[in-house]
Amino acid sequence: MLVDHKTANLTMPKALQIFNNWARLRGLSAETMRGYEVDSRQFVKWYGGLGLGLTEVTSDHIEGFVQYLIDQRGCKATSVNRKLNTLDRFFYCLKKKGWVPNNPVDEVERLKTTETERTYLNPCEIQAMLSHIAHPILYFFVCTMVHTGIRVSECRNLQVTDVDIEERRIRIRNGKGGRHRIVPIGPKLQEELIFYLQRHRPHTESTRFFALEKTGSVSTQYVNQILWKAGRKAGITKHVTSHTLRHSFASHLVRQGTHIAVNQKLLGHANLKTTSIYLHIQQDEMKAAVENLDFTQG
């Protein structure tokens, strides 16, 4: 039951602190926590302009926030739904702890999204892109993403102790959703990583596997900047980002006949529905299938 004196003392900063503490205790990854904080603060800033308290939020207000995201922020349906999911967790937490009477997001429907195939690189494009990455540490960083499909945040957070080159495996700690998993290292990548450690990893006190001498780590922004430049130099017209490498890894596994459940485990997806977006059917393959169709032969 909601306690009145608690309600009166619920300020915006206090609500955010309650939510952050609640989410952190659930062992969520740093990346997930960062997303929660950005989305919840955006709502609090918008709603604060209405001059009302959080206990007065209704589903109409949530829908008004959705309209604001679409009309003024230019957010796409997927982004809006992600923010709604954050708010759902936000108000669920406050309700569970007795700070608000209900969760106004319960009555708000998610926006319909269009399922689109993800951009990915073919083997020739991958090799061309890699050949145009001059920075040695970034080259091996990208090689690791290409050969394992791990997220850029997972790659940059790898500790030296997480990479077992002899046993050919990488331990991903606190991936998306706080999940752990083991990702195997293929023979080609094993050779690359041995060479990286022997010749290119700088002498640093950083415990991260991939470390720049100045910062002791590698930023996501820097990786995407390097990929964009390498893609342009290689003559690739596709929009190349760190996530493109993950899409490429998954797509090529599927094309090789890898079972979707295996793909799911390697990518660290919580369910098969997420993995199914990589089941590409190429236009040339569909064309070939139709051209070979002949009902006149008995």
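The values are calculated or read from the model by the stated rules, or taken from the named source; none is laboratory data. None of the values given here were measured: they were computed from a predicted structure. Cβ coordinates were reconstructed from backbone atoms using ideal geometry, including for glycine residues, and neighbour counts include every protein chain displayed.
When the stretch 14-37 is filtered for residues that are small (Gly, Ala, Ser) and more than 16 Å from Arg179 (Cβ to Cβ), only Ala15 remains. Given the criteria at pLDDT 95 or above and of a type in the set (A, V, I, L, M), does Ile185 qualify? So Ile185 fails the test.
Can you tell me which of Arg201, Arg232 is free of Cβ contacts under 8 Å to residues at least 12 places away in the same chain and either farther than 28 Å from Asn263 by Cα or not charged (D, E, K, R) (or both)?
Matching residue, one of Arg201, Arg232: Arg232.
Residues in the stretch 153-186 that are assigned to a helix (DSSP H, G or I) and of a type in the set (Lys, Arg): Arg156, Lys176.
The criterion of being hydroxyl-bearing (Ser, Thr, Tyr), out of contact with any strand residue (DSSP E or B) (no Cβ under 8 Å at 6 or more places or on another chain) and within 19 Å of Met12 (Cα to Cα) does not hold for Tyr68. The one condition from (1) assigned to a loop (DSSP other than H, G, I, E, B); (2) surrounded by 15 or more Cβ atoms within 10 Å (Cβ to Cβ); (3) under 28 Å from the mean Cα position of the chain (by Cα) that Tyr36 does not meet is (1). Can you give me the number of residues within the stretch 43-79 that are assigned to a helix (DSSP H, G or I), closer than 20 Å to Glu109 by Cβ and touching a Ser or Thr at 6+ places or on another chain (Cβ under 9 Å)? So the answer is 4. Of all residues in the stretch 193-214, how many are surrounded by 16 or more Cβ atoms within 10 Å (Cβ to Cβ) and of a type outside the set (Ser, Thr, Tyr)? Number of matching residues: 7.
Output the residue which, of all residues in the stretch 88-135 that are assigned to a loop (DSSP other than H, G, I, E, B), among the β-branched types (Val, Ile, Thr) and under 25 Å from the mean Cα position of the chain (by Cα), is modelled with the highest pLDDT. Steps first, answer last, please.
In the first step, residues of the stretch 88-135 are kept if they are assigned to a loop (DSSP other than H, G, I, E, B); the result is 97-103, 108-122, 132-135.
Cutting the leftovers down to among the β-branched types (Val, Ile, Thr) gives us 100, 108, 113-114, 116, 119, 133.
The next check asks that each one be under 25 Å from the mean Cα position of the chain (by Cα); those that pass are 108, 113-114, 116, 119, 133.
Values: Val108: 90, Thr113: 69, Thr114: 63, Thr116: 54, Thr119: 78, Ile133: 95.
Among those residues, the one meeting the criterion is Ile133.
When we screen Ser217, Ser131 for residues that are surrounded by fewer than 18 Cβ atoms within 10 Å (Cβ to Cβ), among the polar types (S, T, N, Q) and in contact with a strand residue (DSSP E or B) (Cβ under 6 Å, 6 or more places away or on another chain), the only hit is Ser217. Restricting the stretch 196-239 to residues that are of a type in the set (Val, Ile, Thr) and part of a helix (DSSP H, G or I), the residue that is farthest from Arg151 (Cα to Cα) is Ile226.
Report, by residue number, each residue of the stretch 123-163 that is out of contact with any helix residue (DSSP H, G or I) (no Cβ under 8 Å at 6 or more places or on another chain) and without any contact (Cβ under 8 Å) to a residue 12 or more places away in the chain. Cys124, Gln127, Ala134 - these are the residues of the stretch 123-163 that are out of contact with any helix residue (DSSP H, G or I) (no Cβ under 8 Å at 6 or more places or on another chain) and without any contact (Cβ under 8 Å) to a residue 12 or more places away in the chain. For the stretch 187-195, state whether one or more residues are charged (D, E, K, R), under 26 Å from Gly35 (Cβ atoms) and outside any loop (DSSP other than H, G, I, E, B). No, the stretch 187-195 contains no residue that is charged (D, E, K, R), under 26 Å from Gly35 (Cβ atoms) and outside any loop (DSSP other than H, G, I, E, B).
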